[in-house]
Amino acid sequence: MKKPGCIIFDCDGVLVDSEVIGVKVLLDMASQYGVTMDLQEAVEEFSGIRLKEGIKMLQQKASSPFPEDFEQAFRARSYEIFKTEMRAVNGIKEVLDSLAIPFCVASSGPIEKMKLNLTITGLISYFEKGNRMFSGYEINSWKPDPGIFLHAAEVMGFSPAECVVIEDSKAGVIAAHRGGFRVLGYAKPFNGDELRKEGATVFYAMKELPSLLSLNDTEHL
């Protein structure tokens, strides 16, 4: 792989281990309305998509309607749990410390969630200087639409061809490819083949990332 000019990280599942925590909360709340769904299945189904779409999928499985404030209640409850259970993805701090080229984060989640999770995990300092945090809610575009990645690249001053996107979800990989980006898929044991099928170069540990990005020792010290 040619060394990129800019790296665009997804947030949930790539920088912070938040997805399983959030899905657990979502399923617990939905169970009060007759929803039964396996946690692993839910993680796979909801990974990378907009929360409203995940709630819509759960509503279709429910025996009674969700209240109008279901999403707001989920946000409040999950944010409180994130404060005590959230962790940075293993090895990501070392990767960020090594980078000497521009990088940013682009997520389908709200900007306040992104800032909260990055603060809790001690990663906020890597992204808070300058405009390096991008949310789909700011431009009304959510993966698998490529809008958030295109927006991030434009603000950072690079073309899609000059960027590499780091994603962990099918929706995110599809979005990156639709936008003309190269994409590396940070895979879990259950979705490596799926990410590879969508065109991602798959890896399973953050320590592999510098070599996949073609950053030699003198370029990322």
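The values are calculated or read from the model by the stated rules, or taken from the named source; none is laboratory data. As the structure is a prediction and not an experimental result, all values here were calculated from the model. Counting neighbours? That spans all protein chains shown, and the Cβs are built from the backbone with ideal geometry, glycine included. In case anyone asks, the SASA skips ligands and DNA or RNA and just uses the protein heavy atoms, side chains included. Shrake-Rupley method; radii C 1.70, N 1.55, O 1.52, S 1.80 Å.
The table that follows gives values for the structure above.
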{"item": "Residue, most open to solvent (accessible area, probe 1.4 Å), within the range 1-28, restricted to residues that are touching a Cys at 6+ places or on another chain (Cβ under 9 Å) and assigned to a loop (DSSP other than H, G, I, E, B)", "result": "G5"}
{"item": "Positions within the range 23-52 being under 25 Å from E68 (Cβ atoms) and in contact (Cβ under 8 Å) with a residue 60 or more places away in the chain, in sequence order", "result": "I49, R50"}
{"item": "Test: residue in the range 184-194 that is farther than 19 Å from I92 by Cβ, free of Cβ contacts under 8 Å to residues at least 40 places away in the same chain and assigned to a loop (DSSP other than H, G, I, E, B)", "result": "no"}
{"item": "Filter pass, P144 being within 22 Å of E53 (Cα to Cα) and touching a Phe, Trp or Tyr at 6+ places or on another chain (Cβ under 6 Å)", "result": "no"}
{"item": "Residues located in the range 135-146, provided they are in contact (Cβ under 8 Å) with a residue 24 or more places away in the chain and of a type outside the set (D, E, K, R)", "result": "S135, G136, Y137, W142, P144, P146"}
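Yes/no matrix, rows are residues, columns are (1) assigned by the TED database to the domain that holds Y204; (2) among the acidic types (D, E); (3) within 15 Å of the chain's Cα centre (by Cα):
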residue: A62; (1), (2), (3): no, no, no
residue: E68; (1), (2), (3): no, yes, no
residue: A73; (1), (2), (3): no, no, no
residue: R77; (1), (2), (3): no, no, no
residue: L99; (1), (2), (3): yes, no, no
residue: V105; (1), (2), (3): yes, no, yes
residue: K113; (1), (2), (3): yes, no, yes
residue: G130; (1), (2), (3): yes, no, no
residue: D145; (1), (2), (3): yes, yes, yes
